[in-house]
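Peer 1: One structure, as structure tokens, below. Some questions next.
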Amino acid sequence: MGPPAYKCRNCQTPIAYRDELLSKNYMAKTGQAFMFSHARNIVFGQKQETNLITGVYTIAGIFCSKCGEELGWKYLQASEARQKFKEGKFIIECSKISKEY
Ligand SMILES: [Zn+2]
């Protein structure tokens, strides 16, 4: 594993590695979002149910453990069978992370 590729834009805490990036094809409140298989240096918010276009999900907000910035969410449970692959994955808003080349 190389150096962390994605850091909290606010405080530069490493959040995810390049090889943990699964998809760039997600949308969040503020625009484009990435899906990651893992994330570190984060804390979780309250579990909540959310109704998205693709179905009902149980998610938890994720926040930078250092500065507390909200980064996105983790999918805990998906109601639709074909969305189950999202369970345990992390969605992080592009506007909240900076990429290191
Ligand atoms: Zn931070």
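Only the coordinates and a few stated rules stand behind these numbers; no lab work does. Computed from a predicted model, the values in this text were never measured in an experiment. Positions of Cβ are backbone-derived with ideal geometry, glycine not excepted, and every protein chain shown enters the neighbour counts.
Peer 1: Below 8 Å between Cα atoms, with a sequence gap of 6+, how large is the relative contact order for the chain in percent?
Peer 2: 29
Peer 1: How many nm is it between the label spots at residue 27 and residue 79, if each spot is 7 Å from the Cα in line with the beta carbon?
Peer 2: Output for this residue pair reads 2.0 nm.
Peer 1: Mind checking which of 69, 49, 87 has the largest fluctuation in a GNM of the chain, springs on alpha carbons under 10 Å?
Peer 2: Highest fluctuation among the options: 49.
Peer 1: Anyone know which of 12, 83, 46 comes out most mobile in the 10 Å Cα GNM of the chain?
Peer 2: 46
Peer 1: Between residue 38 and residue 60, take the C-beta separation as r, use R0 = 22 Å, and let me know the FRET efficiency to the nearest 0.05.
Peer 2: The calculated FRET efficiency here is 0.90.
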